Amino acid sequence: MTGCRTGAEHKWGLPSMPRVDAVWLHPAYQTSYRWLEELERDRPFCRHQLRHLLDVARIMWIGNLEKGLGLDREVVYATALLHDVGKPVQYTMGAPHEEVGARLADGILRSLSGDVAFSAAEREAIVQAIWAHRRFDADAKPLARLLYQADKASRPCFACPTEVRRACSWSDAKKNLGVSV
């Protein structure tokens with residue numbers, strides 16, 4: 001299935017995504033997101049805010065369509081929305097955000113019920129993709145591979161001011177120095 005489970009449309013004629021909305025509105029997600037917002041308030045580059053999360057989601061969705069993977073839109077968007085949920089813990093305690101994020105995402109997804117619940121297989125795929133999103137794995141499952149690629153491709157390093165780009169911890173080989181998706 002390449003669309004949304006519900007088939008309902010948003011007020012602008014786009015597919016509605018009630019399960020993604022439930023993730024966004026989840027109190028644990030909002031707490032982490034607001035904490036991350038505060039921690040990155042003065043960060044000069046690559047913030048992990050909604051713009052980044054939606055860029056990752058849209059790049060993942062494009063990849064899904066181009067490769068004919070048949071992934072559900074809400075699974076793709078929920079994965080992107082949740083992939084950096086562990087960042088505040090990484091910043092404050094040094095724990096790898098992909099590991100903390102996978103645990104937090106699992107808890108958030110398990111707490112959703114009724115029409116906004118993800119199936120056990122969807123939850124497993126989302127959590128696994130989050131856990132693996134910082135390491136390239138040629139044998140990764142499609143959702144995990146898409147997240148890894150989209151997370152990296154979403155960074156507009158080419159548009160970053162030179163002085164900020166020099167301060168970035170990414171090597172020049174890793175930076176996106178040209179427009180590509």
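The values are calculated or read from the model by the stated rules, or taken from the named source; none is laboratory data. A quick note: this is a predicted structure, and the numbers were derived from the prediction, not measured. Neighbour counts run over all protein chains shown; Cβ positions are idealised from the backbone, glycine included. Accessible surface is based on the protein model in full, side chains and every heavy atom, while ligands, DNA and RNA are left aside. Shrake-Rupley method; radii C 1.70, N 1.55, O 1.52, S 1.80 Å.
The table that follows gives values for the structure above.
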item: Hits in segment 90-101 - residues which are in a helix (DSSP H, G or I), of a type outside the set (Gly, Ala, Ser) and in contact (Cβ under 8 Å) with a residue 12 or more places away in the chain; result: Tyr91, Thr92, His97, Glu98, Glu99, Val100
item: Count of residues meeting criterion [part of a loop (DSSP other than H, G, I, E, B) and either farther than 20 Å from Leu36 by Cβ or open to solvent by 60 Å² or more (accessible area, probe 1.4 Å) (or both)] in segment 47-84; result: 6
item: Pairs with Cβ under 8 Å, 6+ apart, first in segment 102-115 and assigned to a loop (DSSP other than H, G, I, E, B), second modelled with pLDDT under 95; result: none
item: Candidates Ser154, Ser119, Ser113, Ser169 - the one that is surrounded by fewer than 19 Cβ atoms within 10 Å (Cβ to Cβ) and modelled with pLDDT under 95; result: Ser169
item: Some residue of segment 17-35 being open to solvent by less than 40 Å² (accessible area, probe 1.4 Å), within 13 Å of the chain's Cα centre (by Cα) and at pLDDT below 95; result: no
item: Lone unmet requirement of (1) at pLDDT below 95; (2) closer than 26 Å to Arg166 by Cβ; (3) within 17 Å of the chain's Cα centre (by Cα) for Phe45; result: (3)
item: Residues of segment 86-97 satisfying the condition of being within 20 Å of Leu50 (Cβ to Cβ) and open to solvent by 10 Å² or more (accessible area, probe 1.4 Å); result: Lys87, Val89, Gln90, Tyr91
